[in-house]
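Let me begin by presenting the structure, written as structure tokens, before commenting on it.
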Amino acid sequence: MTAGANPLIQTDSKPIRGWSILVFLVVLPLLLAPAVWLLGNRDMLAMLALFFISGLIALVIAVSPMGWRALPALGFRPARFWTIVLGTVGALVVSIAASQLGEPEGVKQVLDVARTPSLFVASLAVMALLAPLVEEAVFRGLLYGWVAGRWGTTVAWFVSSILFAAAHLEPAHVLLVLPLGLWFGWLRQRTDSLWPSLVAHIVNNSLAVVAAAVIDKTSP
């Protein structure tokens, strides 16, 4: 299949428009508020799943007028395999180094869910697959694409990284996530693709969830 026929490997793209950002910011709370109100089970995992599913739907609605052109605009462009491998290794190094700052309470609460055997698979699906996909598509896709189209990729790198970290709210968690956000943003800038940061994010979160479950089982 040629690049022109496959929207996943197009290299040309339209810039993200401001109205896409606005639509996302309006639609997300409109989806989230009634969903939270209707949700009977408000445990941590259910709330996380609801939040990220709402975010994904809001993102799709925000970029849907662009059609298939939304994919390359969000960064779904080809990336060299070695950039994905090195990006993932680098993310693990940064994550291990940042973890020396300690484990914020919010992280402990999230990983405690993964330590529940009956919730392990669901935890992996939400925290290691859904969360990275939505976070990367929103911060390194939608936001990065909009900022880069106006003020350049360096500004987009810093803005998307800082807002990605700030979105984690808890000050200790923000400090823990900021180095990873900068690394993911650098990968996005250097490769002009979302795949390296997305894969690195998925692997990093997957290992965190698995490690939490394994350590809990092996601890006395």
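The values are calculated or read from the model by the stated rules, or taken from the named source; none is laboratory data. Since we're looking at a predicted model, the values are computed, not measured. For neighbour counting, all protein chains shown are included, and Cβ atoms are generated from backbone atoms with ideal geometry for every residue, glycine included.
Results, tabulated for the structure shown:
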read-out	value
Given (1) closer than 21 Å to Leu111 by Cβ; (2) at pLDDT 95 or above; (3) out of contact with any Phe, Trp or Tyr (no Cβ under 6 Å at 6 or more places or on another chain), number of the condition Ala165 does not satisfy	(2)
Residue among Ser95, Ser118 that is more than 21 Å from Leu180 (Cα to Cα) and of a type in the set (S, T, N, Q)	Ser118
Where Pro78 falls short, out of the listed (1) over 17 Å from the mean Cα position of the chain (by Cα); (2) more than 17 Å from Gly185 (Cα to Cα); (3) not small (Gly, Ala, Ser)	(2)
Of all residues making up segment 28-51, the number that are aromatic (Phe, Trp, Tyr) and over 17 Å from the mean Cα position of the chain (by Cα)	1
Residue within segment 177-191 that is of a type in the set (S, T, N, Q), in contact (Cβ under 8 Å) with a residue 24 or more places away in the chain, in contact with a helix residue (DSSP H, G or I) (Cβ under 9 Å, 6 or more places away or on another chain) and crowded, with 21+ Cβ neighbours inside 10 Å present	no
Test for Glu170: is it charged (D, E, K, R) and buried (at least 18 other Cβ atoms within 10 Å of the Cβ)	no
Odd one out for Phe81, checked against (1) under 19 Å from Glu170 (Cα atoms); (2) free of Cβ contacts under 8 Å to residues at least 60 places away in the same chain	(1)
Residue count for segment 206-220, restricted to those that are surrounded by 19 or more Cβ atoms within 10 Å (Cβ to Cβ) and either at pLDDT 95 or above or part of a loop (DSSP other than H, G, I, E, B) (or both)	0
Top-ranked residue of segment 52-70 - restricted to ones that are surrounded by fewer than 19 Cβ atoms within 10 Å (Cβ to Cβ), under 18 Å from the mean Cα position of the chain (by Cα) and in contact (Cβ under 8 Å) with a residue 12 or more places away in the chain, ranked as farthest from Phe120 (Cα to Cα)	Ile61
Any hit, segment 179-194, residues being over 25 Å from Pro78 (Cβ atoms) and out of contact with any Cys (no Cβ under 7 Å at 6 or more places or on another chain)	yes
Given (1) in a helix (DSSP H, G or I); (2) modelled with pLDDT of 95 or more; (3) of a type in the set (A, V, I, L, M, F, W, C); (4) crowded, with 19+ Cβ neighbours inside 10 Å, number of the condition Phe76 does not satisfy	(1)
Top-ranked residue of segment 90-133 - restricted to ones that are modelled with pLDDT of 85 or more and not aliphatic (A, V, I, L, M), ranked as surrounded by the most Cβ atoms within 10 Å (Cβ to Cβ)	Ser123
